[in-house]
Amino acid sequence: MTPPIKKISISFPEQFTITDHAYYTFQDGLKKKHEDTPDIKVELCNENEKNPYDIIIYKADKVLTYVEVKTTHNQERTFTMSEREFKFAKENQDQYQLYLITNAGAGKDSSYTEIESIDKLLQEKTLKITSRKFSLYWLIISITLNK
């Protein structure tokens, strides 16, 4: 079953890239979602790309959720992941959440899809690996979310 698409408004100041803004937008949104639970912390943690996820949600030093945010500049629902990100998502699927933002930076035309289990959606053929290619250092995997 294809995950539902949710409408959001993402426009951003010029000093931010679309990806930077997506990280901060989701970090702020997740903080608001958990604001009634003061012992839950939401932290942006991939500013230097050392982690295979962008945001971490934890409670008393115990990880609840790893969050990865992917963006596109149009309505395409194809995104790329490094092999490291893909492997981490599969190995930690019970604590992993992926958000795909389409039309990022387009204000009210932006939307996002919450992808809870990459492995399950690949098995159901809702997600499909469309290509694998090497970049300078990593194997890059292109993934398409079927409509």
Next item on the list: Please give, to one decimal in nm, the separation of the simple spin-label points placed at Q93 and S131, each 7 Å out from Cα toward the Cβ.
Entry: 2.6 nm
Check: Tell me, what HN-Hα J-couplings in whole Hz come from the Karplus equation 6.51 cos²θ - 1.76 cosθ + 1.60 at θ = phi - 60° for each residue of the range 112-120, using x for Gly and Pro?
Finding: 9, 10, 8, 10, 7, 9, 4, 4, 4
Next item on the list: Using amide H atoms built 1.01 Å from N in the peptide plane, name the residues 5+ places from S111, or on other chains, whose amide H lies under 5 Å from its own.
Entry: I8, T102
Checklist line | Sequence-distant residues sharing a close amide H with Y96 (under 5 Å, placed H) | finding: Y66
Item checked: For the range 83-99, Karplus couplings with θ = phi - 60° (6.51, -1.76, 1.60), whole Hz, Gly/Pro x -> 4, 4, 5, 4, 4, 4, 4, 5, 6, 10, 4, 6, 10, 10, 9, 10, 10
Next item on the list: For E124 paired with K33, estimate the spin-label separation in nm (one decimal), with each label point 7 Å from Cα along the Cα-to-Cβ line.
Entry: 1.8 nm
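Readers should treat all values here as calculations from the given coordinates under stated rules, not as data from a laboratory. If you're wondering where the values come from, they're calculated on a predicted model, not measured in any experiment. Ideal geometry is used to build each Cβ from the backbone, glycine not excepted, and the neighbour counts take in all protein chains shown.
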